[in-house]
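K.L.:
Dropping a structure here in structure tokens format, bear with me for questions.
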Amino acid sequence: MTSYLLTPGPLTTSDATRRAMNRDWGSRDKDFIGLTRRLRERLCRIAEAGPAYTCVPLQGSGTFIIEAALQTLVPADGKLLVLINGAYGRRMVEIMRRAGREVDAIEVGEDETIPAARVAERLAADPAVTDVALVHCETTAGILNPLESVAEAVRRAGRRLLVDAMSSFGALPIATEALGLAAIVASSNKCLEGVPGIGFAVVDTSLLAARKGNAASLTLDLHAQWRGFEENGQWRFTPPTQVLAALGAALDQHEAEGGVAARAARYAANCRALVDGMRRLGFRTLLSDAVQAPIIVTFLVPPHPAFRFAEFYDRLHARGFVIYPGKLTKVDSFRIGCIGAIDDAVITRALDAVETVMREMGMTPGGLYNA
Ligand SMILES: *Cc1c(COP(=O)(O)O)cnc(C)c1O
């Protein structure tokens, strides 16, 4: 049975996207070289990045492109300040430590946004920091961080900002060039609605050009990967050809839908329907609506004696809806995504399934906090 994936990715994809994989490509053939070139150009456009930027795709999941970007772009004798309000920020610290690089962090709660004023203070106090890393939408809680004000603080301090836009790229506008970002990274299988297998960085070309030999890794060297594309249009190592073809089809649909603004509107409608419906059923969200990104919503595990997440999950799965466990460090929670090739009619059906499952498990809709 096919299920709807109400997760942070991989997501529900369209038939057209999956059909685009039903063909073989020669990785060094001119057709595939053209496909790669067009994808790189289109991803720069979605990132609102002009000719001063270039797009470098890389095989692997999102974490691979993050590791490649940090290793390549932060100078070996530099220092990265990571802004943390969830697991993805913590992961960037881990990447830097493993690479033996200098790293420091500002960490706030998983239900709090990054305070730009604290970033400005820290940068003024620590001249050793060369680069700053921010997660745009922290998927751990589903919170939207204030990209514009953080970018402003970093720019005023004369440092570079690297942005993990994994779970927002394509669905929330990101003015890469206007904000003066050094680089943003994202992947094929989130809001672009492609299948998993590649990540990409949209990066300031002059910065990238200055980072030859800076990465210690061969495969995760973004500079070498970029030179490969520039020299002959080809990937250095075997590319996931079908994944690229699927991403091309997914970008066609992104464009046909009306681009970032239209996708943002569809996801916002999904999110609204989800939050309203779940609250009606008696669930509570971790975040206030003001800081909730229209990507994935964290619900608190209710104090009802009959609620057990594993059973709730299995029963929803049996009805065709895959949800996601929580990832918070302090409170029990679970998550439901509102992204992918779905509309609010799918969300309404998911809410009907939640209501049915609640009754099956002995919970009264609306009565979770006063049982
Ligand atoms: C999904 C995601 C990643 C990458 O995770 P992978 O499992 O490696 O694809 C990184 N950062 C954020 C914010 C994400 O949502």
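The values are calculated or read from the model by the stated rules, or taken from the named source; none is laboratory data. Computed from a prediction, not measured in an experiment: that's the story for all the values here. Every residue, glycine as well, gets a Cβ built from its backbone with ideal geometry; the counts of neighbours run over all protein chains shown. The area values use the complete protein model at the heavy-atom level, side chains included, leaving out ligands, DNA and RNA. Shrake-Rupley method; radii C 1.70, N 1.55, O 1.52, S 1.80 Å.
K.L.:
Take the conditions open to solvent by 10 Å² or more (accessible area, probe 1.4 Å) and either more than 16 Å from the ligand (Cβ to nearest atom) or part of a helix (DSSP H, G or I) (or both) and apply them to T13. Does it pass? Can you show your working first?
P.N.:
Details: open to solvent by 10 Å² or more (accessible area, probe 1.4 Å): yes; either more than 16 Å from the ligand (Cβ to nearest atom) or part of a helix (DSSP H, G or I) (or both): no.
In short, no.
K.L.:
Need at least 2 residues that are crowded, with 24+ Cβ neighbours inside 10 Å and in contact with a Leu (Cβ under 9 Å, 6 or more places away or on another chain) per element, so show me which helices (runs of 4 or more DSSP H) inside region 74-192 make the cut, counting only ones lying wholly within it.
P.N.:
87-98, 147-156
K.L.:
Now for a separate question. Looking at this structure, is V150 of a type outside the set (D, E, K, R), within 16 Å of the ligand (Cβ to nearest atom), without any contact (Cβ under 8 Å) to a residue 24 or more places away in the chain and closer than 29 Å to Y324 by Cβ?
P.N.:
Details: of a type outside the set (D, E, K, R): yes; within 16 Å of the ligand (Cβ to nearest atom): yes; without any contact (Cβ under 8 Å) to a residue 24 or more places away in the chain: no; closer than 29 Å to Y324 by Cβ: yes.
Spelling it out, it is not the case that V150 is of a type outside the set (D, E, K, R), within 16 Å of the ligand (Cβ to nearest atom), without any contact (Cβ under 8 Å) to a residue 24 or more places away in the chain and closer than 29 Å to Y324 by Cβ.
K.L.:
Any idea which of L287, L328, L316 is part of a helix (DSSP H, G or I), among the aliphatic types (A, V, I, L, M) and either buried (at least 20 other Cβ atoms within 10 Å of the Cβ) or in contact (Cβ under 8 Å) with a residue 12 or more places away in the chain (or both)? Break it down stepwise before answering.
P.N.:
Details: L287 fails: part of a helix (DSSP H, G or I); L328 fails: part of a helix (DSSP H, G or I).
Just a single option satisfies the conditions, and that option is L316.
K.L.:
Could you please find all residues in region 43-72 being outside any loop (DSSP other than H, G, I, E, B), away from the ligand (no atom under 16 Å from the Cβ) and more than 18 Å from the chain's Cα centre (by Cα)?
P.N.:
Taking region 43-72 first, the residues outside any loop (DSSP other than H, G, I, E, B) are 43-46, 53-59, 62-72.
This time we only want the ones that are away from the ligand (no atom under 16 Å from the Cβ), so: 43-46, 53-56, 72.
Those that are outside any loop (DSSP other than H, G, I, E, B), away from the ligand (no atom under 16 Å from the Cβ) and more than 18 Å from the chain's Cα centre (by Cα): Y53, T54, T72.
K.L.:
On to the next question. Just give me the residues in region 123-147 being within 10 Å of the ligand (Cβ to nearest atom) and either touching a Pro at 6+ places or on another chain (Cβ under 8 Å) or among the acidic types (D, E) (or both), in sequence order.
P.N.:
E138, T139 - these are the residues of region 123-147 that are within 10 Å of the ligand (Cβ to nearest atom) and either touching a Pro at 6+ places or on another chain (Cβ under 8 Å) or among the acidic types (D, E) (or both).
K.L.:
Does at least one position in region 97-118 carry a residue that is in contact with an Asp or Glu (Cβ under 7 Å, 6 or more places away or on another chain), among the basic types (K, R) and either more than 27 Å from F299 (Cβ to Cβ) or within 15 Å of the ligand (Cβ to nearest atom) (or both)?
P.N.:
So far as region 97-118 goes, no, none of its residues is in contact with an Asp or Glu (Cβ under 7 Å, 6 or more places away or on another chain), among the basic types (K, R) and either more than 27 Å from F299 (Cβ to Cβ) or within 15 Å of the ligand (Cβ to nearest atom) (or both).
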